[in-house]
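Each remark here refers to the structure printed beneath this line.
The values are calculated or read from the model by the stated rules, or taken from the named source; none is laboratory data. Bear in mind that the values here come from a model prediction, so they are computed numbers and not experimental data. Reconstructed Cβ throughout: ideal geometry from the backbone, glycine too, with neighbour counts over all protein chains shown.
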Amino acid sequence: MAKKFYITTAIDYVNAEPHIGHAYQKIVADTLARWNKLLGVDVFFITGTDEHGKKVAESAEKAEKKPKAFVDEISKKFKEAWKSLNIKYDRFIRTTDEDHKKVVEEFIKKCDKSGDIYKGEYEGYYCTGCEAYYTEKDAFDLVCPVHQRPLEKLKEESYFFKLSKYQKYLLNLYKNHPEFILPKQRRNEVISKVKKELKDFSITRTSFDWGIPFPLDNNHVIYVWFDALINYYTATKQQGKQKYWPADLHVLGKDNTWFHTVYWPAMLKSAGLKLPRTTFNHGFLSFNGKKISKSLGNAISVQQLVDKYGADTIRYFSLRQFPFASGEDGNFSEKSLIQRHNNELANKLGNLVSRVSALAEKYGIEKSDMDFHCIKQTYAEVKRYMENYELDKALNSIFAYIDNTNQFLQDKKPWETKDKRVLYEATNNIKATTILLFPFIPETSERIAKTFGFKISLDELEKPLKTIKIKKSPILFQKIK
């Protein structure tokens, strides 16, 4: 039996439609899931939508819709966006799903049994956009540091989770399992903050009713963050999915770091459940140099970008342009996207496939023992980079191999020599390249595999191409002016 790999993304708030910032994370997760499947690993990949809370209720009210009708509509748009980008998840989970509600209620009862839930009163400053409370220390001038809007002062009866009880446990977790928080700078930030102070946190609300009813008191609904985090566990409670818990990798934006690296492990410990292996907290994307914001009018829909540039171009650019492993912020620049599309996808990969397939159709191919360039080294490099979440470097290695193949053709000039052995070597190089590129640009890889008649599998990586008759490939990437 292959080992398992359970990968999740953050589930997105449905207060607004999906944009490229949401898409980046899903592209990364989908690529890692596909890569592991290529390795023969038993993969379970989930994404979804976070549909409760005050922010969603207010958005529904503005849209003059009932909350459930509103979330149904927006959730559907997220599904459509991920379909357009060829994101192949195993489950799209919604926090309004009936099985999730039941699991959340069971989870709370387990935490209560551990003595970690008590009733009290909360008074503090709240940001509806973040669905989070802030202290005066965290929010200068009582303005939300994320949304730059004044915080509301709230006072309400609430149930609390005894987070303070887990301070020592969490610090030991970070020390003994540094891989739990990646990249390193996020881990350092969390450790510093947990060492200073760890307060109990409010887990229910009474000021609105759009949420899962609190099983210990019907006058309360569950705080959206407590509810949302449990989605990763819910997905594994289905028949046949229990084997995937705990998660191997949570792919998250850096704004989710605190909730997933402090709240979540403490909650799981309280409920007597195993902890995920790694939370990877990546940076934000801006769009054409500006923060992505609906109010700024630059939150271009994913579908619009796909219609304009194609799914694989967006996937390739997102994975190649931004050093995911560093956790740094990046700028999704259309100018840079066009340059990479034209120079790398069209000129290097597209022209190679077009030229070799045309020559192979014209002259045929003949088995050779030239052994131009062994794929083993490139595969080893790519594998190492993928294990370290260095997706940009993995692509760099693959395209270095493409460059070598192009140079090989320039040196051998099969269009002049009509040397079928050279074309045989080139077609085998294209096969190997395509197999390694599949997790990154799956649609293009499948088109190339069809042209040259091979199966996308690591078992085929070093095997000689069986196809003798090859027809010229259609243009893979039209140049963008």
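General observations
- For region 382-393, the criterion of being surrounded by 24 or more Cβ atoms within 10 Å (Cβ to Cβ) and within 22 Å of Tyr309 (Cβ to Cβ) is met by at least one residue.
- Conditions (1) assigned by TED's automatic domain parsing to the domain that holds Ser164; (2) in contact with an Asp or Glu (Cβ under 7 Å, 6 or more places away or on another chain); (3) surrounded by 18 or more Cβ atoms within 10 Å (Cβ to Cβ); number of the one not met by Asp312: (1)
- Whenever a residue of region 156-183 is at pLDDT 95 or above, its partners that are assigned to a strand (DSSP E or B) and among the small types (Gly, Ala, Ser), lying with C-beta atoms within less than 6 angstrom and at least six residues away or across chains, give the pairs Phe160/Gly120; Phe160/Ser202.
Every residue, every condition in (1) free of Cβ contacts under 8 Å to residues at least 24 places away in the same chain; (2) part of a strand (DSSP E or B); (3) out of contact with any Gly (no Cβ under 7 Å at 6 or more places or on another chain), yes or no:
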residue: Val251; (1), (2), (3): no, yes, yes
residue: Asn256; (1), (2), (3): no, no, yes
residue: Pro276; (1), (2), (3): no, no, yes
residue: Asn281; (1), (2), (3): no, yes, no
residue: Gln303; (1), (2), (3): no, no, yes
residue: Arg315; (1), (2), (3): no, no, yes
residue: Ser318; (1), (2), (3): no, no, yes
residue: His341; (1), (2), (3): no, no, yes
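- Region 449-481, residues that are within 21 Å of Asp369 (Cα to Cα), in contact (Cβ under 8 Å) with a residue 12 or more places away in the chain and in a loop (DSSP other than H, G, I, E, B): Gly453, Phe454, Leu461, Glu462, Pro464, Leu465, Lys466, Thr467, Ile468, Lys469, Ile470
- Residue that is farthest from Tyr263 (Cα to Cα), among those in region 197-218 that are over 31 Å from the mean Cα position of the chain (by Cα) and modelled with pLDDT of 95 or more: Asp217
- Of everything in region 1-33 that is more than 17 Å from Glu80 (Cα to Cα) and among the β-branched types (Val, Ile, Thr), the residue that is nearest to the chain's Cα centre (by Cα) is Val28.
- Pairs where the first residue, in region 73-99, is under 22 Å from Lys241 (Cβ atoms) and the second is in a loop (DSSP other than H, G, I, E, B), C-beta under 6 Å, 6+ apart: Ser75/Val14; Phe78/Pro18; Arg91/Ala235; Ile93/Ala235; Arg94/Glu51; Thr95/Glu51; Thr95/His52; Thr96/Glu51
- Filtered residues of region 395-421 (kept if farther than 17 Å from Ser357 by Cα and either free of Cβ contacts under 8 Å to residues at least 24 places away in the same chain or of a type in the set (A, V, I, L, M, F, W, C) (or both)): Leu395, Ser397, Ile398, Phe399, Ala400, Asp411
- Helices (runs of 4 or more DSSP H) lying entirely in region 178-236 (those with 3 or more residues that are surrounded by fewer than 21 Cβ atoms within 10 Å (Cβ to Cβ)): 184-196
- Ile468 fulfils the conditions (1) aliphatic (A, V, I, L, M); (2) farther than 25 Å from Ser397 by Cβ; (3) at pLDDT 95 or above except for a single criterion, (3).
- So Ala266, is it in contact with a His (Cβ under 8 Å, 6 or more places away or on another chain), part of a helix (DSSP H, G or I), of a type in the set (A, V, I, L, M, F, W, C) and at pLDDT 95 or above: no
- The sole residue among Leu252, Leu229, Leu285 that is over 25 Å from Leu391 (Cα atoms) and not aromatic (Phe, Trp, Tyr) is Leu229.
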